[in-house]
Amino acid sequence: MIGCTTWLHPYVFYLGAQPACKPANLVCVGRILCQMVPCGAEEVDEAIKSAHAAYLQWRKMAGMERARVICVLFIKGQHIQLPGGSFAYTRREPLGVCVGIGAWNYPFQIASWKSAPALACGNAMVFKPSPMTPVTAVILAEIYKEAGVPDGLFCVVQGGADTGTLLCQHPKVAKVSFTGSVPTGKKVMEMSAKGVKQVTLELGGKSPLLIFKDCELENAVKGALMANFLTQGEVCCNGTRVYVQREIMPQFLEKVVKRTKAIPVGDPLLDGTRMGALISKPHLEKVLGFVSQAKKEGAKVLCGGEPIVPSDPNLKGGYFMAPCVLDNCRDDMTCVKEEIFGPVMSVLPFDTEEEVIGRANNTTFGLASGVFTRDISRAHRVAENLEAGTCFINNYNISPVEVPFGGYKMSGFGRENGQVTIEYYSQLKTVVVEMGDVDSLF
Ligand SMILES: NC(=O)c1ccc[n+]([C@@H]2O[C@H](COP(=O)([O-])OP(=O)(O)OC[C@H]3O[C@@H](n4cnc5c(N)ncnc54)[C@H](O)[C@@H]3O)[C@@H](O)[C@H]2O)c1
Ligand SMILES: C[N+](C)(C)CCCC=O
């Protein structure tokens, strides 16, 4: 246990009572790394006020000045000509204090994807990481401080649902950017609606990956693995419904199972490791529960799906499981309908393009999708018809920061990354300029 410390400004970070554990090894399994006291109303208010005070100075700085601290994208308005030499122009202005609330699966990335554009647009941000992964957002705050971000502009508050609720309901908050599950996203949206706050929701998914018989099979197999086993399958946009055209199903399964069985599972700090432990014991049990349910509903486990103890004795007690491939799946099975958030691939056969697009879209989610084919016309036709915020053609899970990311349907709205993010962290002011006399009706 790390000793109790409270740091205020530039961020609020309370260490005290809520354990954050490491899931992988004996030295750390179940061992408490640090303890957090969830922030209550007083601390949340203090963080928001401190962010607001910093925002009042930060918003006045020119883009060039902010660019000395944080790499600022080109933020510009429009010039619109009007009759008689008059004109209007638009300015992109910051929103104020934005709140970021993060999930546990990409804790540093989520904090960065939210706070960097927020700050670049002239806002302040109060960020609440998941209580499962509370530490890396604080490291990000330290990086910002070192880069020259003014005190208070990026504050980290710790806590769970109660702290998140306080943040969403605070009257000084202009916007909430949330990453997490659909049920929590709905609550965040409801609370934000009451205060007419803008919202970005990055929610869950159950994305389809369509593999046509004319694909380059080795690439499709590699793509299916990238779509399912990256980060132990704890990835929102994973392509966990793998639709394979019937004619190539035997070859696909043989290759995918061979590669899946060869995935080195173990210590995530070693270069050769490709899969680590799941986040927690309850989450491991939940994922294994999906595999048991799939078997009951008629799926066939081709490999994995059970807890494993890696050969390294230090890893005993870690929350490891063998990556799993499920065959004989149907669209009505729980494993095909629900987000598992673990290393479980469900494989389903299809016959025609029209049929598979209908089946792929038959879900309330719409985060991502993918297609493997050599037919360029088909690739773009499928991309157009799939109801998802991203479609990967002949690859999967490629998301550089220049490229917008976000969902359709219940997977959320708003976008992170890319130039378009500016629209979600700024508001547009129109300035109308008269160059002649006022033509009054009165
Ligand atoms: N679309 C994306 O970009 C993306 C990225 C990562 C994860 N996710 C999704 O996140 C989910 C897994 O993450 P999780 O289990 O941490 O999700 P979660 O919804 O349980 O929690 C997310 C965050 O919300 C907070 N929270 C909980 N209740 C709240 C409330 N009432 N008000 C305000 N905040 C509240 C939590 O403390 C946490 O910080 C999966 O569904 C995954 O798909 C989506
Ligand atoms: C970087 N990825 C793989 C696109 C993951 C984004 C965050 C989703 O959970």
Exercise for review: For region 98-121, name all the residues that are away from ligand 1 (no atom under 16 Å from the Cβ) and not in a loop (DSSP other than H, G, I, E, B).
Suggested key: Leu119, Ala120
Check your understanding: Any chance region 158-168 includes a residue that's in contact with a Cys (Cβ under 8 Å, 6 or more places away or on another chain) and acidic (Asp, Glu)?
Key -> no
**Study point:** In region 370-399, the residues that are under 15 Å from the mean Cα position of the chain (by Cα) and either assigned to a strand (DSSP E or B) or farther than 21 Å from Ala224 by Cβ (or both)
**Key:** Thr390
Check your understanding: Quick one: how many residues across region 163-203 are within 16 Å of ligand 2 (Cβ to nearest atom), among the hydrophobic types (A, V, I, L, M, F, W, C) and either at pLDDT below 95 or buried (at least 23 other Cβ atoms within 10 Å of the Cβ) (or both)?
Key -> 3
Check your understanding: Going by the structure shown, is Phe229 crowded, with 23+ Cβ neighbours inside 10 Å and within 10 Å of ligand 1 (Cβ to nearest atom)?
Key -> no
Study note, to complete from the structure: Result of the Cβ filter at 8 Å on region 55-73, keeping first residues that are in contact (Cβ under 8 Å) with a residue 24 or more places away in the chain and partners that are in a helix (DSSP H, G or I) and basic (Lys, Arg), at least 6 apart or interchain, is Trp58/Arg66; Val72/Arg66
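What helices (runs of 4 or more DSSP H) lie completely within region 175-266 and have 1 or more residues being under 30 Å from Glu93 (Cβ atoms)? Quick ask: steps written out before the conclusion?
On the way: elements: 182-194, 217-229, 249-261.
Where helices (runs of 4 or more DSSP H) fall fully within region 175-266 and carry at least 1 residues being under 30 Å from Glu93 (Cβ atoms), they are 182-194.
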Check your understanding: Out of region 104-135, which residues are in contact (Cβ under 8 Å) with a residue 60 or more places away in the chain and within 16 Å of ligand 2 (Cβ to nearest atom)?
Key -> Trp104, Asn105, Tyr106, Ile110, Trp113, Lys114, Pro117, Met132, Thr133
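The values are calculated or read from the model by the stated rules, or taken from the named source; none is laboratory data. Fair warning: this is a prediction, and the values are worked out from it, not measured in the lab. Counting neighbours? That spans all protein chains shown, and the Cβs are built from the backbone with ideal geometry, glycine included.
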